[in-house]
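Participant: Have a look at the structure that comes next, please.
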Amino acid sequence: MSKPTQTLRLRLAELLSQIYPDLSADILSTQVLEAFFPDETPRRKRARTPGNNLWSENDAVLITYGNSLVDGTHKPLDLLNDFLLEYLKGVVNGVHILPFFPFTSDDGFAVTDYRAVNPSLGDWPDINRIADEFLLMSDLVLNHVSSQGAWFNAYRQGHAPYDRFFFEASPEADVSEVVRPRTTPLLQEVETSAGPRHVWCTFSHDQIDLDFRNPEVLLEFLRIMRLHINNGVRIIRLDAVAFIWKVIGTKSIHLPETHAIVRLMRLLCDFAQEPVILLTETNVPNAENLSYFGNRNEAHAVYNFTLPPLVLHAMMSGSAEYLNRWQVGMPPAQLGCAYLNFTASHDGIGMRPAEGVLPEEEKAKVIDTVRDLGGLVSMRALPGGGESPYELNITFFEAMGGTFKGRDDYHIARFLCSQTIVMSLEGIPAFYIHSMLATPNDHEQVERRGMNRAINRHNWEYPRLKDELSNPDSVHAQVLGALSDRLRLRSGQSAFHPNATQFTLQLDPRIFGVWRQSLDRDQSVFALHNVSDETVFISPGAINLIEGADWTDLLSGERIRSDGTEIPLAPYQCRWITNRG
């Protein structure tokens with residue numbers, strides 16, 4: 001056995017002993033290696049060391065469903081590929097295709113077959129074509145599977161190994177402390193060949209939770225990860241990972257075994273020849289979310305979940321006070337780690353990450369304004385009873401249609417400002433397709449499907465969309481054009497590397513500002529964002545512009561004087577003031 005292989009085995013055995021202390025770590029290590037590196041799959045001699053070279057300022061990700069674009073004739077994945085190549089080549093270099101597998105509910109997150117592409121979308125060659133041109137992200141939906149899939153049907157019939165794949169609990173068990181994002185009953189009674197059983201359902205009764213206490217479950221998902229990697233996936237999103245390990249009588253979230261499983265997956269990815277990035281999806285309060293970085297040994301990247309509700313509040317209130325206060329306290333990502341910044345995704349705007357950051361009265365104003373703008377509010381069950389707002393359901397473009405004062409004429413400018421904040425911050429920016437396209441709320445789909453999240457999951461008729469984008473006066477063309485211009489400009493600035501230095505500026509509360517400096521200290525960018533409907537003036541001294549140097553606003557092309565002349569920012573204007581244009 002070579003020394004690198006021995007090192008990998010030792011590290012695997014240590015992790016497996018933490019997860020499965022009653023089983024043989026040596027035997028499990030062999031099984032793990034066979035699952036993730038089957039048939040002599042090549043692997044690195046040494047683990048990839050934590051660094052800042054897995055990403056760069058050129059990275060930006062589009063988030064989309066496989067069928068966000070349809071025409072009734074062509075495969076939706078072919079339409080998506082056409083859209084990416086025609087409109088977004090050179091704008092984004094990554095694409096997150098939300099679950100593209102056969103499913104029964106939750107728009108893909110109740111998977112029936114992890115090894116197949118949903119035939120209504122296309123097939124693996126269609127996925128491969130997109131992966132050839134873009135950095136591809138896929139979902140590893142590892143907490144639960146469809147109640148109508150082959151795995152759960154085999155469980156109900158008592159067929160091995162699936163008879164031990166699902167988490168059972170007694171209806172008498174104390175589950176009062178369990179943290180959940182839904183209001184449905186946690187346990188569901190089902191009939192099996194061994195009689196009635198109660199299975200755990202964190203999200204819905206069509207999504208049955210798996211039992212990772214059985215190592216066969218973990219091994220199966222490692223095989224699925226390898227399948228994704230072999231098909232060109234380079235970012236693996238661990239969906240709902242915080243819930244995967246359960247212990248009766250606890251909150252059953254963020255348990256030590258969960259973190260150990262993430263560390264194990266990170267270790268395998270770091271030994272893979274392919275540059276694979278592990279991304280955790282944990283829509284929870286900020287400190288809990290950041291815990292998934294571990295000690296540079298868990299997720300490579302985490303979603304910056306607190307950003308969406310705080311940007312929303314800043315744009316609606318006209319004050320960056322709370323956004324600024326939170327950003328001051330955000331630690332830089334450790335070496336080998338990065339934030340994934342966004343304002344909108346296929347889900348709603350989560351309110352749990354705002355806990356302890358936004359006062360209750362400010363949250364209430366945001367919720368009222370979202371409702372005034374045609375949005376909806378989804379609730380979650382609280383431990384011990386009661387409900388609390390879990391997320392706001394509205395397209396982010398529509399959410400920028402007004403403020404606490406009501407609707408006004410700054411809709412597009414306010415929206416562009418919100419997205420420019422995402423581009424400016426430390427981390428990798430990601431944009432939902434319906435933000436890029438300024439898609440309105442889809443109330444018809446909400447009514448038809450009876451699901452609040454459908455408001456932000458519109459299916460564009462592709463010919464109609466192309467007509468809209470060919471009309472320079474359409475809001476869709478204006479927004480896509482403006483965002484594309486800024487993203488192209490951003491990709492050439494080394495100060496926007498995901499790990500470049502960031503310092504939060506203390507300015508007028510109507511201005512959210514950060515100073516970014518490139519890793520080689522050659523370029524500085526002062527990114528200023530006016531979140532109000534008023535013109536604000538900033539002194540060059542307030543942002544430490546060095547006198548005598550040449551400063552330029554990348555966004556407007558203006559030369560910025562450092563002689564004391566105040567810098568104006570019109571309502572919702574953004575400036576990227578740099579010494580290197």
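The values are calculated or read from the model by the stated rules, or taken from the named source; none is laboratory data. Just so you know, these numbers come straight off a predicted model, no measurement behind them. Methodologically, a virtual Cβ is constructed for each residue, glycine included, from the backbone with ideal geometry; neighbour enumeration extends over all protein chains shown. All accessible areas refer to the heavy atoms of the entire protein, side chains included, with ligands and DNA or RNA removed. Shrake-Rupley method; radii C 1.70, N 1.55, O 1.52, S 1.80 Å.
Participant: Go through segment 117-172 and name the GluC sites (Glu not before Pro) that are in a DSSP coil and have 13 or fewer other Cβ atoms within 10 Å of their Cβ. Intermediate results must be reported in sequence, preceding the final value.
Facilitator: Values: sites: E133, E168, E172; in loops: E172.
Of the GluC sites (Glu not before Pro), the ones in loops of segment 117-172 whose Cβ has at most 13 other Cβ atoms within 10 Å are E172.
Participant: Same structure again: Where does the charge balance sit around V145 when Lys and Arg score +1, Asp and Glu -1, over other residues with C-beta under 10 Å from its C-beta? Don't jump to the answer; show the numbers that get you there.
Facilitator: Details: positive: none; negative: D113, D206, D209.
It works out to a net charge of -3.
Participant: Could you compute the net charge surrounding I253? Neighbours are other residues with a C-beta less than 15 Å from the C-beta of I253; K and R count +1, D and E count -1.
Facilitator: Numbers: positive: R180, R182, K246, K251, R352, R380; negative: E177, D209, D239, E257, E281, E288, E355.
In short, -1.
Participant: Turning to a different aspect of this structure: Under a no-solvent Debye model with one identical scatterer per Cα of segment 166-293, what's log10 I(q)/I(0) at q = 0.09, 0.12, 0.16 Å⁻¹?
Facilitator: Values, matching the q order: -0.30, -0.52, -0.88.
Participant: For segment 240-276 and segment 288-349, what is the centre-to-centre distance using only Cα atoms, to the nearest Å?
Facilitator: When both Cα centres are located, 20 Å separates them.
Participant: Return P(r) of segment 258-302 (all Cα-Cα pairs; 5 Å bins starting at 0; whole %; ordered from short to long distances).
Facilitator: 5, 25, 33, 22, 10, 4, 1
Participant: Further question: Based on a Kirkwood Rh over C-alpha pairs, give the Stokes-Einstein translational diffusion coefficient of segment 446-581 at 25 °C and viscosity 0.890 mPa s in µm²/s.
Facilitator: Values: Rh = 17.3 Å.
In µm²/s, the coefficient rounds to 142.
Participant: For K466, which lysines qualify as cross-link partners when the Cα separation must be under 29 Å and same-chain residues fewer than eight apart are set aside?
Facilitator: K75, K89
Participant: May I ask for the percentage of alpha-carbon pairs in segment 506-578 that lie more than 18 Å from each other?
Facilitator: On the way: 873 of 2628 pairs.
More than 18 Å apart: 33 percent of the Cα pairs in segment 506-578.
Participant: Under 17 Å Cα-Cα from K363, which aspartates and glutamates qualify once same-chain neighbours fewer than 8 residues away are excluded?
Facilitator: List returned: E321, E355, D372, E387, E391.
Participant: Report the accessible area of I248, computed with a 1.4 Å probe over the heavy atoms of all protein chains in place, in Å² rounded to the nearest 10.
Facilitator: I248 exposes around 70 Å² with every protein chain in place.
Participant: Would you mind checking the tilt of helix 360-372 against the longest principal axis of the Cα atoms of the chain, expressed as 0 to 90 degrees and rounded to 10?
Facilitator: 80
Participant: So how far, in whole Å, is the C-alpha centre of segment 516-555 from the one of segment 481-512?
Facilitator: Answer, in whole Å: 10.
Participant: Can you check how the C-alpha radius of gyration of segment 208-354 compares to 2.2 N^0.38 Å, as a plain ratio? Numbers along the way, then the final one.
Facilitator: Details: Rg = 16.5 Å, N = 147, 2.2 N^0.38 = 14.7 Å.
Working it through for segment 208-354, the quotient is 1.13.
Participant: Sticking with this structure for a sec: Given the alpha-carbon gyration tensor of segment 153-237, what are the semi-axes of its equivalent ellipsoid in whole angstrom, ordered largest first, with each equal to the square root of 5 times an eigenvalue? Please report the intermediate quantities before stating the final value.
Facilitator: Details: eigenvalues 141, 65, 22 Å².
Three semi-axes, in Å: 27, 18, 11.
Participant: Something else about it: Based on C-alpha coordinates, I'd like the Rg and Dmax of segment 446-522, in Å.
Facilitator: 19.2, 55
Participant: Which whole number of Å³ per residue matches the convex hull of the alpha-carbon atoms in segment 341-491?
Facilitator: Working: hull volume 19.8 nm³, N = 151.
For segment 341-491, the hull spanned by Cα atoms encloses 131 Å³ per residue.
Participant: Considering only DSSP beta bridges whose two residues both sit in the chain, what percent are antiparallel, to the nearest 5?
Facilitator: Rounded to the nearest five, the antiparallel share is 60 percent.
Participant: On to the next question. How much accessible area per residue does segment 115-192 have, in Å², with a 1.4 Å probe? Could you put the intermediate results ahead of the total?
Facilitator: Working: 3430 Å² over 78 residues.
With all protein chains present, segment 115-192 gives 44 Å² per residue.
Participant: How much space per residue, in cubic angstrom, does the convex hull of the C-alpha atoms of segment 1-116 take up?
Facilitator: On the way: hull volume 21.9 nm³, N = 116.
Dividing the Cα hull volume of segment 1-116 by its residue count gives 189 Å³.
Participant: Which whole number of Å³ per residue matches the convex hull of the alpha-carbon atoms in segment 514-553?
Facilitator: Details: hull volume 3.4 nm³, N = 40.
Normalising the Cα hull of segment 514-553 by residue number yields 86 Å³.
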